[in-house]
Amino acid sequence: MGLEMAVELSPETKKACEEIIRRYPEDKKEAAILPLLHLAQREWGYIPLDGITYIADMLQMPHARAAGVMSFYPMFHKAPVGKYVIYVCSTLSCALCGAEAVVDHLKDKLRIDVGETTEDGRFTLAKVECIAACDGAPAILINEKLYRHVTREKLDEILDGLE
Amino acid sequence: MPEEYKVITKLFDVEGLADLDTYRAHDGYKALEKALKMTPDEVIQAVQDSGLAGRGGAWFNTGMKWSFMPKDPKVPSYLCVNCDESEPGTFKDRELMRRNPHQLLEGAVIGAYAIRASAVYIYIRGEMWEELVQMERVIAQAREAGYVGRHILGSDYSVEVYAHPGAGAYICGEETGLIQSLEGKRAEPRVKPPFPAQRGIFDCPTTVNNVQTLSYVPHIIHKGTEWFKGLGSERYPGTFVFCVSGHVRNPGLFELELGAATMREIIYDLAGGPYEGRALKAVIPGGASTPPMTPDQIDIVMDPANFAIPGRGDFQGMFGTGGMIVMDDTTCMVDALLNLMNFFAHESCGQCTPCREGCPWARDIVWRIEHGQGRPEDLDMLLEVADNVAGFLSPRYSTICLFGPAFSYPLQGFLQSFRSEFEAHIEQGGCPIKQDKSIKVPG
Amino acid sequence: MATFTIDGKEIEIVPGKNVLKTALDNGIHIPHYCYHPGLSAPGNCRMCMVEIEVGGRRSLLTSCTTMPAEGMVVETKTEAVARHQQAVMEFLLVNHPLDCPVCDQAGECDLQNYSYTYGPGKSRFAEEKVVQPKKDIGKHILLYSDRCIRCTRCIRFCDEISGTHELGYFNRGVHNEIDIFPGERLDNRMSGNTVDICPVGALLDREFLFKQRVWFLKGTDTVCAGCSAGCSIRADINNERIYRLVPRQNPAVNDYWMCDDGRYGWGHVHSDSRLLFPLLGQGQAEALALWEAALARVVEGFAAVREAHGEGAVAGIASGHLTNEEQYLFGKLFKGVLKGGPVALRPKLSAEGDVVFKSGFTVRADKTPNTRGAREILGALGLPVLDASEIWKGIQEGRIQALYFLGGDPAERLSETEKAALGGVDFLVVQDILASELTRMAHVTLPGAAFIEKDGTFTNHAGHVQQIRRGLAPPGDARADWEILRDVANAMDGGFAYADVREVWAELVGTVKAFAGMDLDRIGDRGAPLAAAEE
């Protein structure tokens, strides 16, 4: 399920990347690596090895350093993930309000374990740390969309409603 | 019944507040107009005199922090807005950014003006992508209206404002971790000195301010120093946006004057207290890095001055981020501590020895205790490991940044306040408490 | 004069020098891992924390990141410091494997040493260790990440010194792992230095792996003979075999580093092709001979050519591989005793030119250690060093009939021109260390010594003179080249009464103006510049 062709970004994304690079001093292009990795991941679905070198070269950054930076930040995926990544917050407030039950329900419903992707490639299940929505515990993110106060019923409704 | 006093959350329910026109209809950007007619030093003085202190947990006088920046920078100076809110139990910055983004932007531009910054980077954690997209729109609107960019409102002052995303690292909330991340590096906090005001991002003078702190700035400028000083307590003027979550009926944000209410009042009167038929067991007062408090301790008045640790001078860390996590009697404290230790073990940057090795080690011991594999010697060993990283009452703090104390203080606190529960786990070879892990939706 | 105190000792403040380096330079040892004087100071290991009182405040601070200030009081041996050091040692060993019995670093390991001096003496860790893989990351380098203590010296080396950036820091927290980018190996020409600076047995030298316990090695301080940079090195030897070469610190020459070419370029010393005995006869007719016979043949051969064709018919090929003392003896022999004609040098210049790294460290194009010595000394003795093409031309034109050819090249290779020329010579004497087509063409082959098998001095490209030292005996019946030259001269009644190479040095210094006033004691372990070089 990976990218078979040589890695490339669409013209629109490239343009956005160039605009972002200009937000930082000329000799400090490396500062743009996080925003660029986000944009690239939104287009490619994940960041393959070739993708890291592609971004690194754009920023005139050594490959090992770029890859090391990327690996520090869990939001970036080195391998393909589902169309929808479900991030279940598992830190204290959400844990107190039933995050484990949310994870269990999703494991049952999607028939995958944490860290895995459904066979049809639609969903990946992940646990994350506090996403700053504690008054909405238990809270989850599906890609970038936040859902608060999830219940079993609500989870079913949300997932069934996604394309 | 304590009363909320809304300053920065006042307009939260106004529809379309993220839109420039709506914001302007509510006195938006008047403070910026006024500030530009003052000199930068006058702005610093006003904020300093108001007594506004950093709301990210450091409680350092904001105006004084601004005064450390060069008055006549030879290289660009920068303002960084810390919206990497990742402290468990804290969610006020997200709401401030989401529901009143122009307020934050206005405060940031005023702050940038005061410190002679040539650019502002608003660092927003990657998980708040929608807020980041909204902030880009807000900045664009403001730029079009002349509040951002070259010669703001016709003045001599120019400043660029950019949003910059994080990507899932709590340590980016540490000011030098944030600076590292902004520079495109692993967010490994720096040894201080030098301090950011001397060498920050791109080796240039930098101030990092919290979202909540900057949100007050337009109000201070607009309504004046005396007005702000008249709110809150003498040492810590103003209001504070408290977060309450966990086992309460009405979790949420509550903006009150500092020193105006006790923790009990906030939890019971504003947040609805524990669920039906449940008793309060513990409260984490200010985010995961603060030691838990027991029910007999919650009559404390919510003012940072009351949370000082004896012998640790001005360190107000135990008030923390004001993110209260309430736990009722279905909570196993060992399990709760394990949850926090897992959090810290995931988030340690790994740079320095005591944190990198000590944090997972402590987590592993707590894991064993929770899963019935604890040994009698584990508790004292745990305390020693924590003390070796950062002693609660000793001056020892052996890590590069405050992450060391951040995980070792609550560890010591849990053991201190709930030692018998840990001992019971060890003696009984298992968790004696029936933990309720079902999904709870309040109400 | 601004001062501060360390353990009660008052010390002058040197601007820019941190507390740790100041302590070390004043004989006060503070244990440390991540700090290295040749690299930036990240302050991440926390081992060097000491009690520092400044401005009325007293706390534990990392001495490598703290600059001294007037009136600062530093105490390195208080109880708080000792407890902290124990704590750090305990933390470092939490996930470290008990590999000492199989780890190369044993005996020179900072983890072992500091554990012994500063550690708690027992382990309380009862959990599962986080294990990282053992990796093959470069032509010369292995990275056993399970032993890594994350000091990051290696990463900083590749970023700050070699400027090649092969190493990255991956993952987070206790899963932090140092690694290369897949497929981009640690193959820069300074890679071996990462093994030197690794305080533990994480970065390992493939050539040295499992070869020898370090406590059996005896170190000989000498100079690398791989190029004209003249890096100060130490040869670690046991049982008459080299096990490894490592750099010595020399601020005037190589800082803390050496290149891989030099570091791994000692194989020729123990090669099966080493010349062990004098040889008489060319090609198939080559036969072993005793020194007396060989020397006699040398005398006879040159004499015959001189008689038949005159003095100018005997030419010499000098060598940048030989020491200053040997240049001197050769010059004195050639001019005064052999009474030969022209002398040339065959430059061994690499086509790539000087290779300069980010820190300024340079691998020189001139692959001989003592070209400068050869030119200075032979010139001073009235033997201007010509281009080798002059000699080949002379042979072609019949003016040169005999050649005293000094070799010493670890990888001798003759060009077609050279082969043709040498073939046209009546009498060829070659003094060399390895058998090659050159030695097979010689009528007399004299077995010399490799750089590690003799005492003497080299002059590097910049005129810095350093001592080389004998760490092994030459194999078989090979001899130090200065001894051979002395013996050849004496076989010609030259009267070279040198019992020791220092006597040659003394005479050299007295005779060659460029070396006037030089003193072996002043040269010491790190050398001294020629007067001309200092200008």
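Of interest is the spacing of the C-alpha centroids, which for region C:31-66 and region A:1-59 amounts to 38 Å.
Rounded to the nearest 0.05, the FRET efficiency derived from the C-beta distance between C:Asp500 and C:Lys393 at R0 = 56 Å is 0.90.
Applying a DSSP loop filter and a limit of 16 other Cβ atoms within 10 Å to the trypsin sites (Lys or Arg not before Pro) in region C:26-109 leaves C:Lys77. Peptide packing for A:76-85, B:356-365 was compared via the average number of neighbouring C-beta atoms within 10 Å per residue; ordered from the highest value, the list is B:356-365, A:76-85. With a 10 Å cut-off around each Cβ of B:433-441, the average count of Cβ atoms from other chains is 6. Mean per-residue shielding of peptide B:381-388 is 3, counting Cβ atoms of other chains within 10 Å of each Cβ. Shown here for region C:381-432: trypsin sites (Lys or Arg not before Pro) in loop regions (DSSP other than H, G, I, E, B) with at most 13 other Cβ atoms within 10 Å, namely C:Arg413.
Per-residue ellipticity at 222 nm from helix content only, as computed over chain B with -39500 (n - 2.57) for each DSSP H run of at least four residues, stands at -11500 deg cm²/dmol. Restricting the GluC sites (Glu not before Pro) of region B:363-438 to loop positions (DSSP other than H, G, I, E, B) with no more than 15 neighbouring Cβ atoms within 10 Å leaves B:Glu377.
Taking every DSSP bridge with both residues inside chain B, close to 45 percent are antiparallel. Modelled this way, with points 7 Å down the Cα-to-C-beta line, the labels at C:Lys122 and C:Glu507 are 7.0 nm from one another.
Placing pseudo-labels 7 Å out from each Cα toward the beta carbon at B:Asp13 and B:Asp203 gives an inter-label distance of 5.4 nm. Distance between the pseudo-spin-label points of C:Ala82 and A:Asn143 (7 Å out from Cα toward the beta carbon): 6.3 nm. Size of chain B: Rg and Dmax of its alpha carbons, in Å, are 22.0, 73. Computed extension gain for B:Ala145 through B:Glu423, at 0.36 nm per residue and net of the alpha carbon distance, reaches 93.8 nm. Using 0.36 nm per residue and subtracting the Cα-Cα separation, the extra length available between C:Lys139 and C:Ala420 on full extension is 97.4 nm. With a Förster radius of 51 Å applied to the beta-carbon distance between B:Glu384 and A:Arg111, the computed FRET efficiency rounds to 0.70. Pairs with C-alpha atoms separated by more than 32 Å, drawn from the list B:Lys192/C:Lys358; B:Lys71/B:Lys192; A:Lys127/B:Lys192; A:Lys145/B:Lys74, are A:Lys127/B:Lys192; A:Lys145/B:Lys74. The C:Asp525 and C:Ala308 beta-carbon pair, evaluated with R₀ = 56 Å, returns a calculated FRET efficiency of approximately 0.65. Using a Gaussian network model of chain A in which every pair of alpha carbons under 10 angstrom is joined by a spring, one finds that among A:Ile20, A:Ile86, A:Ile140 the greatest mean-square fluctuation is at A:Ile20.
Averaged over the residues of B:125-132, the number of partner chain Cβ atoms lying within 10 Å of the residue Cβ comes to 6. Calculated [222 nm] ellipticity per residue, helices only, for chain C: -7000 deg cm²/dmol; basis is -39500 (n - 2.57) per DSSP H run with n ≥ 4, divided by all residues, nearest 500. Distance from the C-alpha centroid of region C:111-177 to that of region B:47-117: 38 Å, rounded to the whole angstrom.
Each value in this text was obtained by applying a stated rule to the coordinates, not by laboratory testing. Nothing here was measured: the structure is a model prediction, and the numbers come from that model. Cβ: placed from backbone, ideal geometry, glycine included. Neighbour counts: every protein chain shown.
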